[in-house]
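Everything below concerns the one structure shown next.
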Amino acid sequence: MTDSAFSVERAGALTTVQDLGRTGHAHLGVPRSGALDQPAHRLANRLVGNADDAATLETTLTGCAVRPRRAATVAVTGAPCAVSVDGRPAAWGAPVRVPAGALLELGAATHGVRSYLAFDGGVAADPVLGSRATDVLSGLGPAPLADGAVLALGRAGGAPPAVDVVPHRGVPRELVLPVVLGPRDDWFTAAGLRTLATGGFRVSAASNRIGLRTEGPALERAREGELPSEGMALGAIQVPPDGRPVLFLADHPTTGGYPVVGVVPERWLAAAAQAVPGTGVRFTPLGRVFRGRTAPAASPERAGRG
Amino acid sequence: MTLRSLPVGDHGLLVELGSGDEAEALHAELLRRAADGRLPAVREIVPAARTVLLDGLADPGGLAAELPGWEIAPLARGDGATVEVPVRYDGPDLAEVARLWGVTPEEAVRVHSGTEFRVAFCGFAPGFGYLTGLPERFAVPRRATPRTRVPVGSVALAGPYTGVYPRASPGGWQLIGTTDTVLWDAAREPAALLSPGTRVRFVPLDGSSNAVEGPTAREGSRT
(Lines give C-alpha, C1' and ligand atoms only; values in the text may rest on other atoms or scores of the structure.)
Protein backbone atom coordinates (compact mmCIF):
# COMPACT_ATOMS: atom_id res chain seq x y z
CA MET A 1 0.00 0.00 0.00
CA THR A 2 1.30 3.45 -0.86
CA ASP A 3 1.09 5.87 2.05
CA SER A 4 -0.38 9.24 1.32
CA ALA A 5 2.39 10.87 3.29
CA PHE A 6 5.89 12.30 3.03
CA SER A 7 8.99 11.86 5.12
CA VAL A 8 11.25 14.71 6.16
CA GLU A 9 14.82 14.17 4.96
CA ARG A 10 16.12 17.62 5.96
CA ALA A 11 13.91 19.83 8.10
CA GLY A 12 15.85 23.06 7.55
CA ALA A 13 16.19 25.93 10.02
CA LEU A 14 12.46 26.16 10.75
CA THR A 15 9.89 24.52 8.52
CA THR A 16 6.30 24.59 9.71
CA VAL A 17 2.87 23.56 8.48
CA GLN A 18 0.81 26.64 7.63
CA ASP A 19 -2.59 27.58 6.28
CA LEU A 20 -4.82 30.65 6.62
CA GLY A 21 -4.67 30.45 10.43
CA ARG A 22 -7.25 30.27 13.20
CA THR A 23 -9.29 33.46 13.43
CA GLY A 24 -12.02 34.17 15.94
CA HIS A 25 -10.21 32.86 19.04
CA ALA A 26 -8.13 35.89 20.07
CA HIS A 27 -10.42 36.44 23.09
CA LEU A 28 -9.19 33.08 24.43
CA GLY A 29 -5.54 34.09 24.03
CA VAL A 30 -5.13 32.17 20.76
CA PRO A 31 -2.99 33.92 18.12
CA ARG A 32 -4.19 33.89 14.52
CA SER A 33 -1.07 32.16 13.17
CA GLY A 34 -1.07 30.98 9.53
CA ALA A 35 1.29 31.58 6.59
CA LEU A 36 3.26 34.81 6.99
CA ASP A 37 3.28 35.39 3.23
CA GLN A 38 -0.36 34.63 2.53
CA PRO A 39 -0.31 35.55 -1.19
CA ALA A 40 2.57 33.08 -1.71
CA HIS A 41 0.74 30.37 0.27
CA ARG A 42 -2.46 30.87 -1.76
CA LEU A 43 -0.54 30.86 -5.02
CA ALA A 44 1.25 27.60 -4.19
CA ASN A 45 -2.11 26.01 -3.48
CA ARG A 46 -3.64 27.32 -6.71
CA LEU A 47 -0.73 25.92 -8.73
CA VAL A 48 -1.50 22.38 -7.51
CA GLY A 49 -5.30 22.71 -7.66
CA ASN A 50 -5.88 23.04 -3.90
CA ALA A 51 -8.29 25.34 -2.09
CA ASP A 52 -6.65 28.37 -0.45
CA ASP A 53 -7.00 26.87 3.01
CA ALA A 54 -5.08 23.66 2.25
CA ALA A 55 -1.96 23.38 4.41
CA THR A 56 1.47 24.07 2.89
CA LEU A 57 5.00 23.98 4.29
CA GLU A 58 6.66 27.30 5.16
CA THR A 59 10.47 27.17 5.14
CA THR A 60 12.86 29.68 6.71
CA LEU A 61 15.98 30.76 4.79
CA THR A 62 17.53 27.31 4.39
CA GLY A 63 14.79 25.35 2.57
CA CYS A 64 14.08 21.68 3.30
CA ALA A 65 14.04 18.24 1.67
CA VAL A 66 11.13 15.79 1.70
CA ARG A 67 10.30 12.44 0.12
CA PRO A 68 6.63 11.94 -0.84
CA ARG A 69 5.52 8.31 -0.54
CA ARG A 70 2.94 8.75 -3.28
CA ALA A 71 3.28 10.56 -6.60
CA ALA A 72 2.51 14.21 -5.97
CA THR A 73 2.09 17.45 -7.83
CA VAL A 74 3.91 20.14 -5.90
CA ALA A 75 4.65 23.84 -6.29
CA VAL A 76 7.15 26.14 -4.59
CA THR A 77 6.45 29.87 -4.20
CA GLY A 78 7.45 32.73 -1.91
CA ALA A 79 11.18 33.22 -1.49
CA PRO A 80 12.91 32.02 -4.72
CA CYS A 81 15.12 28.97 -4.25
CA ALA A 82 16.60 26.10 -6.24
CA VAL A 83 14.12 23.22 -6.58
CA SER A 84 15.21 19.71 -7.52
CA VAL A 85 13.70 16.24 -7.82
CA ASP A 86 16.18 13.40 -7.28
CA GLY A 87 18.95 15.91 -7.97
CA ARG A 88 17.52 17.15 -11.27
CA PRO A 89 16.57 20.85 -11.41
CA ALA A 90 12.84 21.52 -11.39
CA ALA A 91 10.75 24.65 -11.73
CA TRP A 92 10.11 27.23 -9.01
CA GLY A 93 6.68 28.87 -9.19
CA ALA A 94 5.14 26.15 -11.36
CA PRO A 95 3.52 22.74 -10.84
CA VAL A 96 6.13 19.96 -10.61
CA ARG A 97 5.35 16.23 -10.78
CA VAL A 98 7.25 14.24 -8.13
CA PRO A 99 7.23 10.42 -8.49
CA ALA A 100 6.53 8.32 -5.40
CA GLY A 101 9.69 7.94 -3.34
CA ALA A 102 11.64 10.69 -5.13
CA LEU A 103 13.63 13.27 -3.14
CA LEU A 104 12.24 16.80 -3.43
CA GLU A 105 14.71 19.44 -2.34
CA LEU A 106 14.23 23.16 -1.74
CA GLY A 107 17.54 24.98 -1.52
CA ALA A 108 18.37 28.05 0.51
CA ALA A 109 16.37 31.16 -0.40
CA THR A 110 18.30 33.18 -2.98
CA HIS A 111 16.44 36.21 -1.69
CA GLY A 112 13.61 36.61 0.75
CA VAL A 113 13.11 34.41 3.82
CA ARG A 114 10.15 32.04 3.45
CA SER A 115 9.35 29.63 0.63
CA TYR A 116 6.03 27.77 0.43
CA LEU A 117 5.70 24.16 -0.69
CA ALA A 118 2.23 22.95 -1.64
CA PHE A 119 1.32 19.30 -2.33
CA ASP A 120 -1.83 18.35 -4.22
CA GLY A 121 -4.24 17.31 -1.49
CA GLY A 122 -2.46 19.46 1.09
CA VAL A 123 -0.59 18.50 4.27
CA ALA A 124 -3.10 16.55 6.37
CA ALA A 125 -1.98 17.32 9.93
CA ASP A 126 -4.72 17.26 12.59
CA PRO A 127 -6.47 20.62 12.72
CA VAL A 128 -6.61 22.52 16.02
CA LEU A 129 -9.48 25.02 16.31
CA GLY A 130 -10.07 24.65 12.58
CA SER A 131 -6.48 25.24 11.45
CA ARG A 132 -3.39 23.13 10.79
CA ALA A 133 -1.03 26.08 11.30
CA THR A 134 1.96 25.75 13.61
CA ASP A 135 1.87 28.58 16.13
CA VAL A 136 5.37 29.04 17.52
CA LEU A 137 4.19 31.36 20.32
CA SER A 138 1.57 29.13 21.90
CA GLY A 139 2.64 25.73 20.59
CA LEU A 140 -0.71 25.00 18.92
CA GLY A 141 -0.80 22.92 15.74
CA PRO A 142 1.73 20.39 14.47
CA ALA A 143 5.31 20.55 15.75
CA PRO A 144 7.87 22.19 13.44
CA LEU A 145 9.28 19.63 11.01
CA ALA A 146 12.08 17.41 12.34
CA ASP A 147 14.44 15.16 10.40
CA GLY A 148 12.85 11.73 10.01
CA ALA A 149 9.29 12.86 10.77
CA VAL A 150 6.46 11.56 8.58
CA LEU A 151 3.46 13.80 7.81
CA ALA A 152 0.25 12.74 6.12
CA LEU A 153 -0.89 14.15 2.80
CA GLY A 154 -4.53 14.70 1.86
CA ARG A 155 -6.23 12.99 -1.02
CA ALA A 156 -5.02 14.31 -4.35
CA GLY A 157 -7.32 15.06 -7.25
CA GLY A 158 -8.82 18.49 -6.70
CA ALA A 159 -9.51 20.97 -9.44
CA PRO A 160 -6.88 21.18 -12.19
CA PRO A 161 -4.33 23.98 -11.72
CA ALA A 162 -5.77 27.37 -12.53
CA VAL A 163 -2.35 28.86 -13.36
CA ASP A 164 0.69 27.30 -15.01
CA VAL A 165 3.50 29.59 -14.07
CA VAL A 166 3.81 32.82 -12.17
CA PRO A 167 6.08 35.80 -12.49
CA HIS A 168 8.44 36.38 -9.60
CA ARG A 169 7.32 39.34 -7.56
CA GLY A 170 10.84 40.43 -6.69
CA VAL A 171 12.05 41.35 -3.26
CA PRO A 172 12.72 45.07 -2.75
CA ARG A 173 16.01 46.18 -1.24
CA GLU A 174 14.16 48.32 1.25
CA LEU A 175 11.00 47.44 3.15
CA VAL A 176 8.54 50.34 2.99
CA LEU A 177 5.64 49.93 5.40
CA PRO A 178 2.66 52.30 5.52
CA VAL A 179 1.48 52.88 9.09
CA VAL A 180 -1.90 53.98 10.40
CA LEU A 181 -1.00 55.90 13.56
CA GLY A 182 -2.60 54.84 16.84
CA PRO A 183 -4.01 53.61 19.08
CA ARG A 184 -1.23 54.83 21.40
CA ASP A 185 0.72 57.38 19.32
CA ASP A 186 -0.01 59.86 22.12
CA TRP A 187 2.44 57.88 24.30
CA PHE A 188 5.25 59.26 22.11
CA THR A 189 6.69 62.75 21.73
CA ALA A 190 6.53 64.63 18.44
CA ALA A 191 10.23 63.85 18.11
CA GLY A 192 9.50 60.15 18.70
CA LEU A 193 6.90 60.15 15.92
CA ARG A 194 9.38 61.94 13.63
CA THR A 195 11.90 59.21 14.41
CA LEU A 196 9.33 56.60 13.32
CA ALA A 197 8.75 58.43 10.03
CA THR A 198 12.36 59.27 9.20
CA GLY A 199 14.55 56.87 11.17
CA GLY A 200 16.81 54.42 9.40
CA PHE A 201 15.62 51.09 10.79
CA ARG A 202 16.91 47.64 9.86
CA VAL A 203 15.38 44.19 10.19
CA SER A 204 16.91 42.52 13.26
CA ALA A 205 18.19 38.94 13.18
CA ALA A 206 16.00 38.34 16.26
CA SER A 207 12.88 38.52 14.06
CA ASN A 208 10.60 35.48 13.89
CA ARG A 209 7.00 34.47 13.20
CA ILE A 210 5.88 36.43 16.26
CA GLY A 211 7.32 39.73 15.16
CA LEU A 212 9.71 41.60 12.93
CA ARG A 213 12.14 43.27 15.31
CA THR A 214 14.02 46.36 14.24
CA GLU A 215 17.40 47.84 14.97
CA GLY A 216 17.87 51.58 14.77
CA PRO A 217 16.92 54.71 16.67
CA ALA A 218 14.71 54.51 19.75
CA LEU A 219 11.30 56.24 19.73
CA GLU A 220 11.12 58.86 22.46
CA ARG A 221 8.24 58.31 24.83
CA ALA A 222 6.00 61.08 26.14
CA ARG A 223 5.11 59.00 29.19
CA GLU A 224 6.68 56.19 31.15
CA GLY A 225 5.22 52.99 32.51
CA GLU A 226 3.10 50.27 30.97
CA LEU A 227 -0.47 50.17 29.80
CA PRO A 228 -2.99 47.86 31.40
CA SER A 229 -3.03 44.84 29.04
CA GLU A 230 -4.95 45.54 25.85
CA GLY A 231 -5.81 43.66 22.68
CA MET A 232 -3.10 43.53 20.01
CA ALA A 233 -3.87 43.46 16.29
CA LEU A 234 -1.94 41.78 13.48
CA GLY A 235 0.44 44.40 12.07
CA ALA A 236 0.65 46.36 15.33
CA ILE A 237 3.94 48.20 15.89
CA GLN A 238 4.57 47.69 19.57
CA VAL A 239 7.31 49.71 21.23
CA PRO A 240 8.94 47.97 24.21
CA PRO A 241 10.93 49.96 26.79
CA ASP A 242 14.08 49.96 24.61
CA GLY A 243 12.19 52.13 22.09
CA ARG A 244 12.83 49.88 19.05
CA PRO A 245 9.61 49.11 17.14
CA VAL A 246 8.45 45.48 16.84
CA LEU A 247 6.01 44.70 14.01
CA PHE A 248 3.60 41.96 15.09
CA LEU A 249 3.26 39.07 12.62
CA ALA A 250 0.88 36.08 12.58
CA ASP A 251 1.97 34.39 15.85
CA HIS A 252 1.82 37.61 17.92
CA PRO A 253 0.41 37.59 21.46
CA THR A 254 -3.27 38.58 21.60
CA THR A 255 -2.81 41.07 24.45
CA GLY A 256 0.10 43.19 25.59
CA GLY A 257 1.10 46.08 27.79
CA TYR A 258 3.54 48.06 25.65
CA PRO A 259 2.12 50.96 23.62
CA VAL A 260 1.28 50.44 19.94
CA VAL A 261 2.36 53.54 18.02
CA GLY A 262 0.68 52.47 14.80
CA VAL A 263 -0.56 49.53 12.74
CA VAL A 264 0.66 48.32 9.33
CA PRO A 265 -2.33 47.25 7.20
CA GLU A 266 -2.42 43.51 6.58
CA ARG A 267 -1.73 43.65 2.83
CA TRP A 268 1.81 44.92 3.51
CA LEU A 269 2.76 42.15 5.92
CA ALA A 270 3.74 39.61 3.23
CA ALA A 271 6.61 41.90 2.23
CA ALA A 272 7.66 42.14 5.90
CA ALA A 273 7.68 38.32 6.09
CA GLN A 274 10.23 38.18 3.27
CA ALA A 275 12.64 40.86 4.53
CA VAL A 276 15.97 39.30 5.51
CA PRO A 277 17.88 40.56 8.57
CA GLY A 278 19.76 43.74 7.71
CA THR A 279 17.17 44.97 5.20
CA GLY A 280 16.38 48.66 5.59
CA VAL A 281 12.91 49.48 6.93
CA ARG A 282 11.08 52.73 6.32
CA PHE A 283 7.77 53.46 8.05
CA THR A 284 5.49 55.90 6.23
CA PRO A 285 2.76 57.17 8.54
CA LEU A 286 -0.64 57.61 6.88
CA GLY A 287 -3.47 59.84 8.02
CA ARG A 288 -6.02 58.54 10.45
CA VAL A 289 -8.86 56.31 9.28
CA PHE A 290 -11.17 58.22 11.55
CA ARG A 291 -10.69 60.79 14.25
CA GLY A 292 -9.45 59.09 17.40
CA ARG A 293 -8.76 60.73 20.76
CA THR A 294 -12.38 61.48 21.52
CA ALA A 295 -15.51 59.65 20.54
CA PRO A 296 -16.75 61.45 17.42
CA ALA A 297 -20.29 62.06 18.65
CA ALA A 298 -21.10 64.88 21.04
CA SER A 299 -20.31 64.62 24.73
CA PRO A 300 -17.91 61.70 24.66
CA GLU A 301 -17.25 61.99 28.39
CA ARG A 302 -20.82 61.06 29.24
CA ALA A 303 -21.36 58.72 26.38
CA GLY A 304 -22.94 55.32 26.72
CA ARG A 305 -24.69 55.71 30.05
CA GLY A 306 -24.69 52.52 31.95
CA MET B 1 -19.45 55.41 31.45
CA THR B 2 -16.60 57.21 29.69
CA LEU B 3 -15.69 55.83 26.33
CA ARG B 4 -12.88 56.65 23.93
CA SER B 5 -12.49 55.12 20.47
CA LEU B 6 -9.00 54.78 19.05
CA PRO B 7 -7.99 53.63 15.54
CA VAL B 8 -6.23 50.28 15.08
CA GLY B 9 -5.04 50.02 11.48
CA ASP B 10 -7.63 50.48 8.76
CA HIS B 11 -10.08 47.84 10.03
CA GLY B 12 -9.82 47.95 13.81
CA LEU B 13 -11.13 49.91 16.75
CA LEU B 14 -9.87 50.01 20.32
CA VAL B 15 -12.56 51.19 22.73
CA GLU B 16 -11.14 52.42 26.02
CA LEU B 17 -13.28 52.64 29.12
CA GLY B 18 -12.89 54.05 32.61
CA SER B 19 -12.63 50.75 34.46
CA GLY B 20 -12.41 46.99 34.10
CA ASP B 21 -16.09 46.62 35.01
CA GLU B 22 -17.04 49.06 32.24
CA ALA B 23 -14.90 47.15 29.75
CA GLU B 24 -16.62 43.89 30.78
CA ALA B 25 -20.02 45.57 30.45
CA LEU B 26 -19.22 46.82 26.93
CA HIS B 27 -17.89 43.37 25.99
CA ALA B 28 -21.14 41.76 27.18
CA GLU B 29 -23.14 44.34 25.20
CA LEU B 30 -21.07 43.64 22.07
CA LEU B 31 -21.73 39.90 22.43
CA ARG B 32 -25.47 40.52 22.92
CA ARG B 33 -25.54 42.67 19.78
CA ALA B 34 -23.51 40.13 17.81
CA ALA B 35 -25.92 37.36 18.86
CA ASP B 36 -28.93 39.49 17.80
CA GLY B 37 -27.33 40.41 14.49
CA ARG B 38 -27.12 44.07 15.55
CA LEU B 39 -23.33 44.31 15.24
CA PRO B 40 -21.50 44.80 11.93
CA ALA B 41 -19.40 41.80 10.84
CA VAL B 42 -16.23 41.60 12.93
CA ARG B 43 -13.38 39.05 13.01
CA GLU B 44 -12.22 39.37 16.61
CA ILE B 45 -13.63 40.92 19.79
CA VAL B 46 -10.86 41.00 22.40
CA PRO B 47 -11.67 42.34 25.87
CA ALA B 48 -8.77 43.33 28.11
CA ALA B 49 -8.08 45.25 31.32
CA ARG B 50 -9.81 48.52 30.35
CA THR B 51 -10.42 48.13 26.64
CA VAL B 52 -12.22 46.09 24.02
CA LEU B 53 -10.52 45.58 20.65
CA LEU B 54 -12.68 45.00 17.59
CA ASP B 55 -10.73 43.84 14.54
CA GLY B 56 -11.80 43.08 11.00
CA LEU B 57 -14.48 45.77 10.73
CA ALA B 58 -15.43 47.14 7.31
CA ASP B 59 -16.10 50.60 8.74
CA PRO B 60 -14.46 51.18 12.14
CA GLY B 61 -15.19 54.92 11.97
CA GLY B 62 -18.90 54.22 11.56
CA LEU B 63 -19.00 52.03 14.65
CA ALA B 64 -16.91 54.56 16.59
CA ALA B 65 -19.49 57.22 15.76
CA GLU B 66 -22.35 54.96 16.83
CA LEU B 67 -20.92 53.74 20.17
CA PRO B 68 -21.56 56.86 22.29
CA GLY B 69 -25.29 56.52 21.67
CA TRP B 70 -25.50 52.94 22.96
CA GLU B 71 -27.33 52.04 26.15
CA ILE B 72 -24.95 49.70 27.93
CA ALA B 73 -26.34 47.71 30.85
CA PRO B 74 -24.04 47.63 33.88
CA LEU B 75 -22.21 44.41 34.51
CA ALA B 76 -24.33 41.79 36.27
CA ARG B 77 -21.83 39.81 38.36
CA GLY B 78 -24.27 36.96 38.86
CA ASP B 79 -24.45 36.10 35.16
CA GLY B 80 -22.48 33.39 33.45
CA ALA B 81 -21.60 29.76 34.08
CA THR B 82 -19.68 28.89 37.26
CA VAL B 83 -16.61 26.67 37.18
CA GLU B 84 -15.17 25.13 40.35
CA VAL B 85 -11.41 24.63 40.38
CA PRO B 86 -10.04 22.36 43.15
CA VAL B 87 -6.73 23.74 44.44
CA ARG B 88 -3.94 22.53 46.69
CA TYR B 89 -2.82 25.77 48.31
CA ASP B 90 0.84 24.73 48.41
CA GLY B 91 2.46 27.39 46.19
CA PRO B 92 5.99 28.59 47.00
CA ASP B 93 4.80 32.21 47.20
CA LEU B 94 1.79 31.62 49.49
CA ALA B 95 3.69 32.83 52.57
CA GLU B 96 4.89 35.94 50.72
CA VAL B 97 1.37 36.73 49.48
CA ALA B 98 0.01 36.28 53.02
CA ARG B 99 2.73 38.64 54.30
CA LEU B 100 1.79 41.24 51.65
CA TRP B 101 -1.85 40.89 52.64
CA GLY B 102 -1.02 41.10 56.35
CA VAL B 103 -2.68 37.78 57.18
CA THR B 104 -1.60 34.24 57.98
CA PRO B 105 -1.26 31.76 55.08
CA GLU B 106 -4.37 29.96 56.40
CA GLU B 107 -6.34 33.18 56.21
CA ALA B 108 -4.96 33.94 52.75
CA VAL B 109 -6.34 30.58 51.62
CA ARG B 110 -9.71 31.38 53.18
CA VAL B 111 -9.84 34.79 51.47
CA HIS B 112 -8.88 33.37 48.10
CA SER B 113 -11.18 30.35 48.22
CA GLY B 114 -13.99 32.49 49.62
CA THR B 115 -13.90 34.88 46.67
CA GLU B 116 -16.11 34.60 43.61
CA PHE B 117 -13.93 35.35 40.61
CA ARG B 118 -14.86 36.23 37.08
CA VAL B 119 -12.78 35.94 33.92
CA ALA B 120 -12.26 39.56 32.87
CA PHE B 121 -10.25 38.63 29.80
CA CYS B 122 -7.78 36.07 28.41
CA GLY B 123 -4.29 36.41 26.98
CA PHE B 124 -0.66 35.44 27.55
CA ALA B 125 -1.36 31.85 26.46
CA PRO B 126 -4.36 29.94 25.09
CA GLY B 127 -6.75 29.38 27.98
CA PHE B 128 -5.04 31.78 30.40
CA GLY B 129 -7.74 33.90 32.04
CA TYR B 130 -7.24 37.11 34.01
CA LEU B 131 -9.65 36.64 36.94
CA THR B 132 -10.97 39.57 38.94
CA GLY B 133 -12.88 39.53 42.22
CA LEU B 134 -10.31 40.11 44.96
CA PRO B 135 -10.68 43.48 46.68
CA GLU B 136 -8.19 46.10 45.56
CA ARG B 137 -6.19 45.94 48.79
CA PHE B 138 -5.16 42.36 47.91
CA ALA B 139 -3.35 43.37 44.72
CA VAL B 140 0.23 42.08 44.78
CA PRO B 141 3.26 42.93 42.62
CA ARG B 142 4.81 40.47 40.19
CA ARG B 143 7.94 38.74 41.41
CA ALA B 144 11.02 40.91 40.91
CA THR B 145 12.67 38.05 39.02
CA PRO B 146 10.33 35.91 36.89
CA ARG B 147 10.67 32.14 37.14
CA THR B 148 12.05 30.50 34.02
CA ARG B 149 9.52 27.68 34.45
CA VAL B 150 6.16 27.80 36.17
CA PRO B 151 4.52 24.35 36.34
CA VAL B 152 1.25 23.63 34.54
CA GLY B 153 -1.78 24.16 36.80
CA SER B 154 -0.11 26.78 38.99
CA VAL B 155 -2.63 29.13 40.60
CA ALA B 156 -1.03 32.54 40.73
CA LEU B 157 -1.56 36.20 41.59
CA ALA B 158 -0.30 39.43 40.00
CA GLY B 159 -1.73 42.92 40.32
CA PRO B 160 -5.48 42.61 40.87
CA TYR B 161 -5.63 39.31 38.97
CA THR B 162 -5.65 35.59 39.70
CA GLY B 163 -4.65 33.23 36.89
CA VAL B 164 -4.02 29.53 36.33
CA TYR B 165 -1.14 28.53 34.05
CA PRO B 166 -2.65 26.31 31.32
CA ARG B 167 0.78 24.89 30.52
CA ALA B 168 4.31 25.13 31.87
CA SER B 169 5.93 28.42 30.86
CA PRO B 170 8.14 31.19 32.16
CA GLY B 171 6.22 33.52 34.44
CA GLY B 172 6.49 36.28 37.01
CA TRP B 173 3.26 35.77 38.95
CA GLN B 174 3.17 34.80 42.66
CA LEU B 175 2.36 31.09 42.93
CA ILE B 176 -0.09 30.21 45.71
CA GLY B 177 -1.34 26.77 44.69
CA THR B 178 -1.74 24.00 42.16
CA THR B 179 -4.69 22.44 40.37
CA ASP B 180 -5.09 19.27 38.31
CA THR B 181 -7.96 20.85 36.38
CA VAL B 182 -7.15 21.00 32.66
CA LEU B 183 -7.51 24.61 31.61
CA TRP B 184 -6.82 24.05 27.93
CA ASP B 185 -7.34 20.97 25.78
CA ALA B 186 -7.34 21.62 22.06
CA ALA B 187 -9.18 18.31 21.50
CA ARG B 188 -11.99 19.33 23.87
CA GLU B 189 -15.03 21.39 22.96
CA PRO B 190 -14.70 24.08 24.16
CA ALA B 191 -10.91 23.93 24.30
CA ALA B 192 -10.72 26.70 26.92
CA LEU B 193 -12.30 26.01 30.33
CA LEU B 194 -12.27 29.74 31.06
CA SER B 195 -13.51 32.39 28.67
CA PRO B 196 -14.38 36.03 29.33
CA GLY B 197 -17.41 36.22 31.64
CA THR B 198 -16.99 32.75 33.22
CA ARG B 199 -17.39 32.77 37.03
CA VAL B 200 -14.79 30.79 38.97
CA ARG B 201 -14.50 29.47 42.52
CA PHE B 202 -11.34 27.89 43.89
CA VAL B 203 -12.09 24.97 46.22
CA PRO B 204 -9.33 24.03 48.68
CA LEU B 205 -8.34 20.35 48.64
CA ASP B 206 -7.38 18.39 51.74
CA GLY B 207 -3.73 18.82 52.50
CA SER B 208 -3.82 22.51 51.69
CA SER B 209 -2.37 24.63 54.45
CA ASN B 210 -5.93 24.97 55.72
CA ALA B 211 -8.83 23.27 54.02
CA VAL B 212 -11.49 24.85 56.20
CA GLU B 213 -13.99 26.71 54.11
CA GLY B 214 -15.36 29.78 55.72
CA PRO B 215 -17.07 32.84 54.39
CA THR B 216 -15.43 35.17 56.87
CA ALA B 217 -11.73 35.69 56.77
CA ARG B 218 -10.46 37.63 59.74
CA GLU B 219 -8.36 39.90 57.60
CA GLY B 220 -5.62 41.83 59.26
CA SER B 221 -5.15 39.57 62.26
CA ARG B 222 -1.78 37.95 62.74
CA THR B 223 -0.50 34.99 64.60
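The values are calculated or read from the model by the stated rules, or taken from the named source; none is laboratory data. Since the structure is predicted, the reported quantities are computational estimates derived from the model, not experimental observations. Here the Cβ is made from the backbone with ideal geometry for all residues, glycine too, and neighbour counts use every protein chain on show.
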More than 8 Å from chain A (Cβ to nearest Cβ), touching a residue at least 12 places away in the same chain (Cβ under 8 Å) and closer than 29 Å to B:Ala156 by Cα: does that describe B:Arg50? no
Select from the stretch B:5-47 the residues that are within 7 Å of another protein chain (Cβ to nearest Cβ) and crowded, with 22+ Cβ neighbours inside 10 Å and list them in ascending order. B:Ser5, B:Leu6, B:Pro7, B:Val8, B:Gly9, B:Gly12, B:Leu14, B:Val46, B:Pro47
Would a scan of the stretch A:191-205 turn up a residue that is more than 15 Å from the chain's Cα centre (by Cα) and on the phi > 0 side of the Ramachandran plot? no
Residue list for the stretch A:81-102, restricted to those being over 24 Å from A:Ala35 (Cβ atoms) and in a loop (DSSP other than H, G, I, E, B): A:Asp86, A:Gly87, A:Pro99, A:Ala100, A:Gly101, A:Ala102
In this structure, does A:Ala125 turn out to be outside any strand (DSSP E or B), surrounded by fewer than 22 Cβ atoms within 10 Å (Cβ to Cβ) and assigned by TED's automatic domain parsing to the domain that holds A:Gln38? yes
Is the stretch B:130-149 home to any residue that is within 30 Å of B:Arg188 (Cα to Cα) and assigned to a loop (DSSP other than H, G, I, E, B)? yes
Give me the residue from the stretch B:18-42 that is touching a residue at least 24 places away in the same chain (Cβ under 8 Å) and in contact with an Asp or Glu (Cβ under 9 Å, 6 or more places away or on another chain) and, out of that set, nearest to B:Gly123 (Cα to Cα). B:Ala23
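Scan B:Gly61, B:Gly102 and give me the residue that is surrounded by fewer than 20 Cβ atoms within 10 Å (Cβ to Cβ) and at the interface with another protein chain (Cβ under 10 Å from one of its Cβ atoms). Write out each step before concluding.
Numbers: B:Gly102 fails: at the interface with another protein chain (Cβ under 10 Å from one of its Cβ atoms).
Unique residue meeting the criteria: B:Gly61.
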Here are A:Leu36, A:Leu57: which of them is crowded, with 21+ Cβ neighbours inside 10 Å and part of a strand (DSSP E or B)? A:Leu57
Subset of the stretch A:245-279 (residues that are farther than 14 Å from A:Ser33 by Cα, part of a loop (DSSP other than H, G, I, E, B) and either within 14 Å of another protein chain (Cβ to nearest Cβ) or free of Cβ contacts under 8 Å to residues at least 40 places away in the same chain (or both)): A:Gly257, A:Tyr258, A:Pro259, A:Val264, A:Pro265
Quick one: in the stretch B:77-112, of everything that is free of Cβ contacts under 8 Å to residues at least 12 places away in the same chain and among the hydrophobic types (A, V, I, L, M, F, W, C), which residue is farthest from B:Pro151 (Cα to Cα)? B:Ala98
Residues being within 8 Å of the chain's Cα centre (by Cα) and closer than 19 Å to B:Thr51 by Cβ: count how many of those fall in the stretch B:104-127. 5
